[in-house]
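Report on the structure given below.
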Amino acid sequence: MLVLGGIGFGLYVHVLSSRAESMVRIAYELSEQAQPPTLGELRERYGDQLRINGCAGADCAYTVTLSNRFLAALQLVPYTELQSHFWLRDGVLSGHMLDYRIVGHRYSVVTHVQTDFCDTCRAFAIDPWTGSSPSTTNGLVEIGIKTPASSRRTVLSLNTRCLTRRGCVSVADLLPAVWTKTADARIACRIPTDKGWVERPVGLP
């Protein structure tokens, strides 16, 4: 029974890790498509994991949620949740966001990576962008489908191991390609910006 339990536990961790990596990979792949994805394409990728949040006229929102609830219930790791949010207009994707959240005993931290889908969407912004922010700070990255592919790949490289391992407590753990921990336990942005802007929106001086 112990052997079977160990096999089952290992399989659960493998499936959880694979699903998380798939969600992150799909986020990048969607941003690479020549045309914004349709609702039908999202349903083909996610099946019944894609849940509708609601609609207002032609605008609808959907979410896919993945968590380590079982591991957290066993107190092996903090509760961690990865959500993929989709906003569609007339059945076509207009915006996407990955939310990656750790719920600790004293506080929670979350990293948001937002991708805008339009022909002129190339803005690239990061917050916090300074060299010293509190360790409990949340993180936000905004990109567009016209942001260079290398930059999109970098900011979408979430550390999915936080779902299955201890030690993740900050945005520097959730998205280490964008933020790092300083020697005095603060959060610093790795990517050079101009007051948060790596590339400003079209028309913004």
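The values are calculated or read from the model by the stated rules, or taken from the named source; none is laboratory data. For clarity, every value in this text was computed on a predicted model and none was experimentally measured. So basically every Cβ, Gly included, is an ideal-geometry build from the backbone, and we count neighbours across all protein chains shown. Areas reflect the complete protein model, heavy atoms only, side chains present, ligands, DNA and RNA absent. Shrake-Rupley method; radii C 1.70, N 1.55, O 1.52, S 1.80 Å.
What to note about this one:
- Once the Cβ-Cβ distance of Ser157 and Ser18 is raised to the sixth power relative to R0 = 25 Å, the FRET efficiency obtained is 0.95.
- When both bridge partners sit in the stretch 1-120, DSSP labels roughly 100% of those beta bridges antiparallel.
- The chain: calculated mean residue ellipticity at 222 nm from DSSP helix runs of at least 4, using -39500 (n - 2.57): -8000 deg cm²/dmol
- Convex hull volume per residue, computed on the Cα atoms of the stretch 40-85, equals 83 Å³.
- Cys residues of the chain counted as unpaired, since no other Cys beta-carbon is under 4.7 Å: Cys189
- Tyr79 contributes about 50 Å² of solvent-accessible surface, heavy atoms of the protein only, 1.4 Å probe.
- Here the average projected area of the convex hull drawn through the C-alpha atoms of the stretch 11-54 stands at 3.8 nm².
- In the stretch 96-183, the ratio of gyration radius to Kirkwood radius, Rg to Rh, stands at 0.98 when only Cα atoms are counted.
- Within a Gaussian network of the chain (alpha carbon springs, distance under 10 Å), most fluctuating of Val109, Val15, Val92: Val15
- Reciprocal mean inverse distance between Cα atoms of the stretch 1-138 - Kirkwood radius, Å: 17.1 Å
- If the chain linking Arg43 and Thr193 were pulled fully straight, counting 0.36 nm for each residue of separation and taking away their Cα-Cα distance, it would gain 50.3 nm.
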